[in-house]
Amino acid sequence: MLLNRELALIIFRKVRNIQVDYKAYVLDGKNNHLSVEDLQRVIEQMYKIEIVKTQVAFQGEYIRGLMERYNKKIRVRVKQEQPEDWKRFTAVKEMCHGIIDEEEDWSPDGTGRIKDLLIEYSIQNGDEAQRATQSEAFAEIAAIELLYPFEFRVSDLKKVASGEETFVKIAIHHGLPDSMVERALSNQYNEEIARPIWDEINGN
């Protein structure tokens with residue numbers, strides 16, 4: 001799935017602004033284990049919205065959570081029957097939808113988006129995925145960047161290569177699923193998406 005580079009820049013800048021505010025206003029904000037509740041408060045204050053998170057029981061092989069949008073309020077529903085690390089990741093991802101989605105990204109076609117998301121995403125020339133599908137990918141990317149910031153991944157890549165660290169150990173350390181750590185440290189994600197975008201934002 002091809003993603004729009006300009007949208008990626010906008011979303012990564014929003015992630016950076018949230019990270020700056022989180023570190024400034026949250027006690028121990030530089031801790032490696034991000035607090036979902038503190039992140040929620042930071043986002044609420046920055047974007048002047050109310051976020052209501054609940055755990056719910058529902059069936060679905062691929063659906064881990066969903067977000068409902070109201071006027072100045074979003075309701076995040078997280079699937080109860082899943083591991084804690086996935087609950088954390090899902091809650092952050094759905095909150096990210098509330099701050100990165102524009103009206104053209106909204107879509108009731110959840111099934112179609114899930115089919116699209118079974119394909120890896122990338123930023124390159126070619127036909128882009130639909131905006132609603134891209135919004136799912138960008139929400140996941142934003143969640144990765146918030147829960148496992150790029151600054152940690154630079155050194156972790158070397159530690160994994162040397163055998164000093166594993167995906168599982170890193171996942172426990174940051175409180176997120178090991179499959180997301182593996183994705184975040186993959187060459188496709190880290191070198192083709194994250195590093196070029198962060199370099200451009202930081203003026204490198």
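The values are calculated or read from the model by the stated rules, or taken from the named source; none is laboratory data. Computed from a predicted structure; not experimentally measured. Reconstructed Cβ throughout: ideal geometry from the backbone, glycine too, with neighbour counts over all protein chains shown. Each accessible area value is taken on the protein alone, full model and side chains, heavy atoms only, with ligands, DNA and RNA left out. Shrake-Rupley method; radii C 1.70, N 1.55, O 1.52, S 1.80 Å.
Screening Ala129 against (1) modelled with pLDDT under 95; (2) more than 14 Å from Ala8 (Cβ to Cβ) leaves a single unmet condition, (2). In the range 39-46, is there at least one residue being touching a Lys or Arg at 6+ places or on another chain (Cβ under 8 Å) and open to solvent by less than 50 Å² (accessible area, probe 1.4 Å)? The answer is yes; a qualifying residue exists.
Rundown of residues vs (1) among the hydrophobic types (A, V, I, L, M, F, W, C); (2) open to solvent by 40 Å² or more (accessible area, probe 1.4 Å); (3) under 17 Å from the mean Cα position of the chain (by Cα), yes/no style:
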position: Leu3; (1), (2), (3): yes, no, yes
position: Phe12; (1), (2), (3): yes, no, yes
position: Asn17; (1), (2), (3): no, yes, yes
position: Val26; (1), (2), (3): yes, no, no
position: Glu37; (1), (2), (3): no, yes, yes
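Looking only at the range 68-82, residues that are touching a helix residue (DSSP H, G or I) at 6+ places or on another chain (Cβ under 6 Å) and at pLDDT below 90 come to 0 in all. If you check Asn202, Asn187, which single one turns out to be surrounded by fewer than 13 Cβ atoms within 10 Å (Cβ to Cβ), over 14 Å from the mean Cα position of the chain (by Cα), farther than 19 Å from Arg16 by Cα and modelled with pLDDT under 95? Being surrounded by fewer than 13 Cβ atoms within 10 Å (Cβ to Cβ), over 14 Å from the mean Cα position of the chain (by Cα), farther than 19 Å from Arg16 by Cα and modelled with pLDDT under 95 holds for just one of Asn202, Asn187, which is Asn187. Of all residues in the range 151-176 being open to solvent by less than 40 Å² (accessible area, probe 1.4 Å) and small (Gly, Ala, Ser), which is nearest to Trp86 (Cα to Cα)? Within the range 151-176, the match that is nearest to Trp86 (Cα to Cα) is Gly175. Among the residues of the range 46-67, is there at least one that is charged (D, E, K, R), under 19 Å from Glu140 (Cα atoms) and under 14 Å from the mean Cα position of the chain (by Cα)? Scanning the range 46-67 turns up at least one residue that is charged (D, E, K, R), under 19 Å from Glu140 (Cα atoms) and under 14 Å from the mean Cα position of the chain (by Cα). When the range 46-60 is filtered for residues that are part of a loop (DSSP other than H, G, I, E, B), out of contact with any strand residue (DSSP E or B) (no Cβ under 8 Å at 6 or more places or on another chain) and either closer than 15 Å to Lys93 by Cα or of a type outside the set (S, T, N, Q) (or both), only Lys48 remains.
For beta carbons closer than 7 Å, sequence separation of 6+ or different chains, a first residue in the range 168-180 that is touching a residue at least 12 places away in the same chain (Cβ under 8 Å) and under 15 Å from Ala143 (Cβ atoms) and a second that is part of a loop (DSSP other than H, G, I, E, B) and hydroxyl-bearing (Ser, Thr, Tyr), the qualifying pairs are His174/Tyr148; Leu176/Tyr148.
Within the range 11-45, the set of residues being under 20 Å from Asp85 (Cα atoms), touching a residue at least 12 places away in the same chain (Cβ under 8 Å) and either of a type in the set (Asp, Glu) or outside any helix (DSSP H, G or I) (or both) comprises Asn32, His33, Leu34, Asp38.
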